[in-house]
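The values are calculated or read from the model by the stated rules, or taken from the named source; none is laboratory data. These numbers were taken from a predicted model, which means no experiment stands behind them. Using ideal geometry, Cβ is built from the backbone for each residue, glycine included, and neighbour counts are taken over all protein chains shown. Heavy atoms of the whole protein, side chains included, go into the accessibility calculation; ligands, DNA and RNA do not. Shrake-Rupley method; radii C 1.70, N 1.55, O 1.52, S 1.80 Å.
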Amino acid sequence: MQKGNIGVTTENIFPVIKKFLYSDHEIFLREMVSNAVDATQKLKTLKEKGDFKGELGDLKVKIALDEKAGTMTISDNGIGMTAEEIDKYINQIAFSGVNDFLDKYKDNANAIIGHFGLGFYSAFMVSKKVEIITRSYKEDAKPVKWSCDGSPEFTIEEAEKEERGSDIVLYIDDDCKEFLEKQKIESLLNKYCKFMAVPVVFGKKTEWKDGKQVDTEEDNIINDVEPLWTKSPSTLKDEDYKSFYRTLYPMQDEPLFWIHLNVDYPFNLTGILYFPRIQSNIDLQRNKIQLYCNQVFVTDQVEGIVPEFLTLLHGVIDSPDIPLNVSRSYLQSDSNVKKISTYITKKVADRLNSIFKENRKEFEEKWDSLKIFIHYGMLAQEDFYDRAKDFALLKDVDNKYFTYDEYRELIKDNQTDKDQQLIYLYATNREEQYTYIEAARQKGYSVLLMDGDLDTPLIQHLEQKFEKCHFTRVDGDIIERLIKKEDTPHNELNITETEQLTEAFRSQLPKLEKAEFYVEIQSLGEEAAPIVITQSEYMRRMKDMSRFQSGMNFYAQMPDAYSMVLNSDHKLVKKILEDTTAKCGETLKPIDSEIKGLEARLAALRQEQGKKKPEEITDEEKKDVEETEKAEKEQRDKKKQIIADAAKDNSIIHQLIDIALLQNGMLKGSALNEFIKRSINMIK
């Protein structure tokens with residue numbers, strides 16, 4: 001028997017492993033099975049080169065649990081080890097500078113294992129004792145047993161083992177007994193070892209017999225040794241890709257399409273990326289791409305390897321150029337990773353472009369599901385925008401699709417304003433904004449449908465990219481002002497009429513939470529609607545953008561500002577003005593006269609005081625101005641109250657206001673009930 005100490009420069013590495021790797025302790029199983037797979041593949045390589053003359057036999061890796069003994073055994077029939085090889089590969093850990101190690105890697109278990117080649121020693125995260133019983137493939141090699149109880153001391157002694165290969169026996173720690181549960185190990189093997197290149201056996205397949213599940217004689221192989229991404233695309237059919245997708249994501253709808261990655265220069269990369277059918281909920285769809293290293297699962301957090309916008313995709317990427325134990329800091333600095341990210345971006349753009357060119361009809365049919373990926377990419381990466389701008393589409397409210405250049409050509413003659421700005425009109429909801437869309441159509445305008453999750457930031461982006469253009473929502477203003485030509489709407493009423501009509505409506509507007517209304521009057525023609533509610537494009541867009549950008553919460557807290565535009569040419573509005581004038585005109589005459597007198601006096605006082613320095617104005621003169629201002633305000637308030645009292649019982653005013661609110665989805669509850677009652681009474 002040989003005894004010795006493991007060659008490390010710290011008193012005891014195992015407490016360090018336990019302490020700093022505990023949060024990731026399940027990866028021990030990946031490390032153990034990966035080592036067994038490596039040992040098996042090395043034997044196959046030796047056989048291919050003629051360095052091994054024996055029979056390979058049935059190569060496989062087995063995992064066995066013994067709950068009574070408290071052990072897990074990982075067995076392979078690969079190359080095995082001699083006592084000398086154990087001493088070289090197991091007992092000598094290339095390890096120095098423990099303090100630096102702790103400072104640098106204490107928060108990242110994967111980084112520790114990967115950096116120091118401690119894959120085998122991850123077994124001690126869950127084990128109080130580990131044994132290796134091994135026999136080398138070499139002729140006349142004697143089986144040996146290595147044993148270590150979690151201290152630097154080990155023993156090597158002769159053992160009994162008929163077949164070549166290794167059995168790693170883990171004596172599971174008392175606080176890790178969940179790793180002796182069949183269901184737990186099965187789930188971990190499915191997570192980490194599902195596509196390893198050598199068959200991985202865990203127990204026997206079961207069948208239903210005599211009212212219970214019983215074991216059969218057939219091995220339960222948990223992995224597919226030749227997953228789809230390792231095969232040549234030319235040998236695969238669409239159904240193969242769809243079937244593999246169902247294997248990866250059993251509960252997902254069928255994908256839109258896929259991209260088979262296969263490159264060997266300047267780095268090695270294979271994989272399949274799927275475009276899933278999604279409309280929204282971006283964040284819920286992340287972490288669906290699985291990263292593998294030589295068919296061994298590494299992570300499903302692929303930020304840094306896959307461009308951020310493509311983390312919405314599903315699928316598999318496999319690259320031996322990415323270490324099995326990958327750390328975030330490594331991803332951010334490694335040049336290979338950056339090349340992979342650039343390559344994937346290009347490959348995705350090329351694939352989309354080829355589908356667009358080869359079958360535009362199919363591309364258009366899938367656009368509504370595709371656009372979230374494409375828009376995200378265009379917003380996130382300049383190089384992707386440059387590639388995507390030729391196949392990205394705009395959809396109008398009639399479900400017709402256009403490239404950016406096609407749409408510009410379509411609208412340039414009719415939708416250019418007096419400042420030579422090209423105006424892109426859009427709606428966000430076809431049904432809710434139907435009236436505004438129809439008004440635009442009657443003018444011969446085209447209206448886009450921009451109802452996607454990312455359309456608000458996309459609009460901002462396109463305004464910067466396109467020359468001399470502006471996007472305006474179709475309900476952002478009255479139709480005459482959406483695309484300003486030389487002729488602009490005007491108001492033909494005099495000041496008194498304007499004030500009466502404005503106040504009649506303003507006084508009857510409802511008090512809605514987080515909403516402010518401003519009344520204005522325009523001469524829009526007898527055939528135009530009597531009343532229209534519009535919302536400022538700028539403020540609405542700022543509020544929408546506050547959902548995407550931090551630091552814009554100020555806009556989110558502001559009330560929505562609406563303009564209620566009255567058409568002074570419409571007969572109903574004219575009638576309201578006539579009724580209001582008839583009802584309170586005589587009462588208002590002395591008040592208007594008093595207001596004019598106070599305005600004149602106030603102007604004279606201010607003009608006189610304007611000739612003096614501030615310190616020369618007496619308190620009496622200041623008081624005179626204050627009292628005149630107060631008197632004027634009182635008269636104006638009195639005037640407003642008289643108009644409000646006259647408008648209060650005017651059912652046409654209330655009906656027009658409610659119609660405008662209803663049109664914008666703002667009439668609800670008791671107000672909607674009152675509107676229905678009033679409408680019925682007006683029909684009687």
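I'd like the full set of residues that are over 21 Å from Gln442 (Cβ atoms) and either touching a Ser or Thr at 6+ places or on another chain (Cβ under 9 Å) or open to solvent by less than 40 Å² (accessible area, probe 1.4 Å) (or both), limited to the range 403-423.
The answer is Thr403, Tyr404.
Of the numbered conditions (1) closer than 30 Å to Glu303 by Cβ; (2) of a type in the set (Gly, Ala, Ser); (3) in contact (Cβ under 8 Å) with a residue 24 or more places away in the chain, Ala392 fails exactly one; give the number of that condition.
Answer for Ala392: the failing condition is (3).
With assigned to a loop (DSSP other than H, G, I, E, B), at negative phi and at pLDDT 95 or above as the only criterion, which of Tyr445, Tyr424 stands out?
Result: Tyr445 is the single residue among Tyr445, Tyr424 that is assigned to a loop (DSSP other than H, G, I, E, B), at negative phi and at pLDDT 95 or above.
Restricting the search to the range 532-566, which residues are at pLDDT below 75 and assigned to a loop (DSSP other than H, G, I, E, B)?
Within the range 532-566, Ser546, Arg547, Phe548, Gln549, Ser550, Gly551, Met552, Met558 meet the criteria.
For Leu524, state whether it is at pLDDT below 90 and farther than 23 Å from Ala439 by Cβ.
No: the conditions fail for Leu524.
Say whether the condition of being at pLDDT below 90, within 13 Å of Leu312 (Cβ to Cβ) and outside any loop (DSSP other than H, G, I, E, B) is met by at least one residue in the range 261-268.
no
Tell me yes or no: at least one residue of the range 135-147 is without any contact (Cβ under 8 Å) to a residue 12 or more places away in the chain, open to solvent by 20 Å² or more (accessible area, probe 1.4 Å) and within 51 Å of the chain's Cα centre (by Cα).
No, every residue in the range 135-147 fails to be without any contact (Cβ under 8 Å) to a residue 12 or more places away in the chain, open to solvent by 20 Å² or more (accessible area, probe 1.4 Å) and within 51 Å of the chain's Cα centre (by Cα).
If you go through the range 482-509, how many residues are touching a residue at least 60 places away in the same chain (Cβ under 8 Å), assigned to a loop (DSSP other than H, G, I, E, B) and open to solvent by 50 Å² or more (accessible area, probe 1.4 Å)?
Adding up the residues that qualify gives 5.
In the range 39-64, which residues are touching a helix residue (DSSP H, G or I) at 6+ places or on another chain (Cβ under 7 Å) and of a type outside the set (A, V, I, L, M)?
Phe52
Ala440 versus (1) surrounded by fewer than 18 Cβ atoms within 10 Å (Cβ to Cβ); (2) touching a helix residue (DSSP H, G or I) at 6+ places or on another chain (Cβ under 7 Å); (3) of a type in the set (A, V, I, L, M, F, W, C): which is the lone unmet condition?
(1)
Taking the condition of being open to solvent by 20 Å² or more (accessible area, probe 1.4 Å) and touching a Phe, Trp or Tyr at 6+ places or on another chain (Cβ under 6 Å), how many residues in the range 424-437 meet it?
0
If you scan the range 641-653, which residues turn out to be surrounded by fewer than 16 Cβ atoms within 10 Å (Cβ to Cβ) and not hydrophobic (A, V, I, L, M, F, W, C)?
Gln641, Asp645, Lys648, Asp649, Ser651
For Thr235, are the conditions met, namely being more than 26 Å from the chain's Cα centre (by Cα), over 30 Å from Glu67 (Cβ atoms), of a type in the set (Val, Ile, Thr) and open to solvent by 70 Å² or more (accessible area, probe 1.4 Å)?
For Thr235, the condition - more than 26 Å from the chain's Cα centre (by Cα), over 30 Å from Glu67 (Cβ atoms), of a type in the set (Val, Ile, Thr) and open to solvent by 70 Å² or more (accessible area, probe 1.4 Å) - is met.
Is it the case, given these coordinates, that Thr472 is open to solvent by 30 Å² or more (accessible area, probe 1.4 Å), in contact (Cβ under 8 Å) with a residue 40 or more places away in the chain and either part of a loop (DSSP other than H, G, I, E, B) or not aliphatic (A, V, I, L, M) (or both)?
no
May I ask you to list the residues in the range 474-532 that are in contact with a Ser or Thr (Cβ under 8 Å, 6 or more places away or on another chain) and basic (Lys, Arg)?
Residue satisfying the conditions is Arg481 alone.
Mind counting the residues in the range 152-163 that are open to solvent by 30 Å² or more (accessible area, probe 1.4 Å), at pLDDT below 90 and either part of a loop (DSSP other than H, G, I, E, B) or of a type in the set (Gly, Ala, Ser) (or both)?
0
Here is a list: Asp637, Asp645. Which entry is among the charged types (D, E, K, R), out of contact with any helix residue (DSSP H, G or I) (no Cβ under 9 Å at 6 or more places or on another chain) and either part of a helix (DSSP H, G or I) or in contact (Cβ under 8 Å) with a residue 40 or more places away in the chain (or both)?
Asp637
Pairs only if they're at least six apart or on different chains, beta carbon under 7 angstrom, first in the range 148-163 and among the hydroxyl-bearing types (Ser, Thr, Tyr), second surrounded by fewer than 17 Cβ atoms within 10 Å (Cβ to Cβ) and outside any strand (DSSP E or B); list them, first residue then second.
Ser151/Asn12; Thr155/Met1
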